[in-house]
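Undergrad: Have a look at the structure that comes next, please.
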Amino acid sequence: MSYGKYIMIPGPTPVVRSIQNQMGREITAFGDPEFIKDYKELIESLKEMWRCEGETFVIAGTGTMAMEMSVANTLKKGDNVLIVSHGYFGDRFIEICDKKEYAADVLQSEWGKIMPVQEIDKKLSEKEYQAIIVSHVDTSTGVRAPIEEIGKVLKKHPNTIYIVDGVCATAAEREYMDTGIDILFTGSQKAFGVCPGLMILWASKKAMERRASLKKINEYYIDFDKWVPIMQDPSKYFATPAINLVWSLLESVRLIQKEGLENRYARHEKVARSIQKALEAVGFSILADPEHRSVALSNILYPENVNDADFRNNLYNENIIVAGGLGAYAGKMFRLGHMGHINLNDVSAVLSGIERVLFNMGAVKETGVILNVFNETYKNL
Ligand SMILES: *Cc1c(COP(=O)(O)O)cnc(C)c1O
């Protein structure tokens, strides 16, 4: 990757050259037949790859817009919704649902742990929920929710729409719509490795039926009904598509197709587990329980002798950017994104940069340990 800086945060993630090149292309008309063909290929590929039988939307906006779009098209004022929150972004849904005046119940896990499926099962049997929302990976904690198991529980509740926030997971963690998911969404800047500015949302047939049953909704730009005609035939106009971002995302999708989705999931698993082990070997610990750790990012707790601001400033001076902790973990943790199109050489550079900084700060006595553990773990996985 020819990249001056390693942007190792949970989005935006590094954008590889072939995707960057799409951003630099000369603009064309949204009605240009060549562009329409590309937009159509993008929508159809995403739909097929994530096994979506309903509709797939690719629209200018961020993950937060997709969060709003997911509920605005499936719930009306007063509807019961269950929010399973594993941290900061789960909590954001509490605010969204409050604004829209849905009757939200919240199951909140302790940070670093999952909400057990049995608890969710129990809660769902107490009353009829029109929807349930789960974030697959909450960026604030690095915890991966068991979304397939939750999908199985939801078979008992055919009137409940299953919404999965995949913003920090999709294209890194295994997800397919045919595991019972009704709405899945993400943003272009996370595991797709594209610049920020697009959201992708998959909606099942059941979700589309729910939208139809709501008739008129108080939304304009994010109304499914406004976009379905465009997604089915991108030669139509509703609002100007983000042309260069569409090209960029198409390039990312082609890279993913070349790699294979399952291979991509396996690669993320192998790289993430090796990174996590390597970081533990130099004194860090990982917030998330070992069996519920994400492969998209790691949320890493400092040992006593490492100061957050010093560590991240020193890393920044080495051209490596990581994110700080959120909420109660601000100052106690850093967050390292390792999703998308990063390769082993990028990972090696970043890990050795981390160790060099620790060494220069006097927090470790020798160098070489981090790459040894990484390479050893990687080889044996
Ligand atoms: C980043 C993120 C969001 C918000 O996405 P934006 O593109 O910043 O609006 C939502 N949910 C999760 C889990 C995220 O990681």
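The values are calculated or read from the model by the stated rules, or taken from the named source; none is laboratory data. Since we're looking at a predicted model, the values are computed, not measured. Backbone-built Cβ (ideal geometry, glycine too); neighbour counts: all protein chains shown.
Undergrad: Is it true that Glu48 is under 21 Å from Asp165 (Cα atoms), buried (at least 20 other Cβ atoms within 10 Å of the Cβ) and either over 19 Å from the mean Cα position of the chain (by Cα) or not basic (Lys, Arg) (or both)?
TA: No.
Undergrad: Taking the stretch 113-123 only, how many residues are touching a strand residue (DSSP E or B) at 6+ places or on another chain (Cβ under 9 Å), among the β-branched types (Val, Ile, Thr) and without any contact (Cβ under 8 Å) to a residue 40 or more places away in the chain?
TA: 1
Undergrad: Let me ask you something else. Given the conditions (1) within 16 Å of the ligand (Cβ to nearest atom); (2) outside any loop (DSSP other than H, G, I, E, B); (3) touching a residue at least 60 places away in the same chain (Cβ under 8 Å), which single one is not true for Cys97?
TA: Failing condition for Cys97: (3).
Undergrad: Can I ask one more? Could you tell me whether Met115 is modelled with pLDDT of 95 or more and either closer than 17 Å to Trp50 by Cβ or within 13 Å of the ligand (Cβ to nearest atom) (or both)?
TA: The answer is no for Met115.
Undergrad: Which helices (runs of 4 or more DSSP H) sit wholly inside the stretch 143-258 and have at least 1 residues that are in contact (Cβ under 8 Å) with a residue 12 or more places away in the chain, crowded, with 20+ Cβ neighbours inside 10 Å and touching a His at 6+ places or on another chain (Cβ under 9 Å)?
TA: Output list reads 147-153.
Undergrad: Among (1) within 16 Å of the ligand (Cβ to nearest atom); (2) surrounded by 21 or more Cβ atoms within 10 Å (Cβ to Cβ); (3) farther than 30 Å from Asn244 by Cα; (4) among the β-branched types (Val, Ile, Thr), where does Val81 come up short?
TA: (1)
Undergrad: Against the definition (under 30 Å from Asp165 (Cβ atoms) and polar (S, T, N, Q)), how does Thr367 come out, yes or no?
TA: In short, no.
Undergrad: Out of Asp346, Asp310, report the one residue that is within 21 Å of Pro12 (Cβ to Cβ) and part of a helix (DSSP H, G or I).
TA: Asp346
Undergrad: State the number of residues belonging to the stretch 158-179 that are within 19 Å of Cys195 (Cα to Cα), within 12 Å of the ligand (Cβ to nearest atom) and of a type in the set (A, V, I, L, M, F, W, C).
TA: Going through the stretch 158-179 one residue at a time, the tally reaches 4.
Undergrad: Right, another one. Looking only at residues in the stretch 127-142 that are within 12 Å of the ligand (Cβ to nearest atom) and not in a strand (DSSP E or B), which one is farthest from Met8 (Cα to Cα)?
TA: Taking the candidates together, the pick is His136.
Undergrad: If I filter the stretch 119-142 down to residues being crowded, with 24+ Cβ neighbours inside 10 Å and among the aliphatic types (A, V, I, L, M), which single residue comes out as nearest to Cys168 (Cα to Cα)?
TA: Out of the qualifying residues, it is Val137.
Undergrad: Which ones in the stretch 102-112 are within 16 Å of the ligand (Cβ to nearest atom), part of a loop (DSSP other than H, G, I, E, B) and either in contact (Cβ under 8 Å) with a residue 40 or more places away in the chain or within 21 Å of Asp79 (Cβ to Cβ) (or both)?
TA: If the condition is that a residue be within 16 Å of the ligand (Cβ to nearest atom), part of a loop (DSSP other than H, G, I, E, B) and either in contact (Cβ under 8 Å) with a residue 40 or more places away in the chain or within 21 Å of Asp79 (Cβ to Cβ) (or both), then Trp111, Gly112 are the ones that fit.
Conditions (1) of a type outside the set (D, E, K, R); (2) within 13 Å of the ligand (Cβ to nearest atom); (3) touching a Cys at 6+ places or on another chain (Cβ under 6 Å), marked per residue:
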residue	(1), (2), (3)
Lys37	no, no, no
Lys40	no, no, no
Cys52	yes, no, no
Ala66	yes, yes, no
Lys77	no, no, no
Gly87	yes, yes, no
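Undergrad: Just to verify a result, which residue in the stretch 318-343, among those that are at pLDDT below 95 and assigned to a helix (DSSP H, G or I), is nearest to Asp138 (Cα to Cα)?
TA: It comes out as Gly327.
Undergrad: Okay, moving on. Testing His338 on (1) touching a helix residue (DSSP H, G or I) at 6+ places or on another chain (Cβ under 6 Å); (2) under 17 Å from Pro12 (Cα atoms); (3) free of Cβ contacts under 8 Å to residues at least 40 places away in the same chain, one condition comes back false. Which one is that?
TA: With respect to (1) touching a helix residue (DSSP H, G or I) at 6+ places or on another chain (Cβ under 6 Å); (2) under 17 Å from Pro12 (Cα atoms); (3) free of Cβ contacts under 8 Å to residues at least 40 places away in the same chain, His338 is out only on (3).
Undergrad: Looking at the structure I just gave you, is Pro303 over 17 Å from Val137 (Cα atoms), exposed (fewer than 15 other Cβ atoms within 10 Å of the Cβ) and touching a residue at least 24 places away in the same chain (Cβ under 8 Å)?
TA: Spelling it out, Pro303 is indeed over 17 Å from Val137 (Cα atoms), exposed (fewer than 15 other Cβ atoms within 10 Å of the Cβ) and touching a residue at least 24 places away in the same chain (Cβ under 8 Å).
Undergrad: Right, next: Confirm whether Glu366 is of a type in the set (D, E, K, R), modelled with pLDDT of 95 or more and under 30 Å from Ile19 (Cβ atoms).
TA: no
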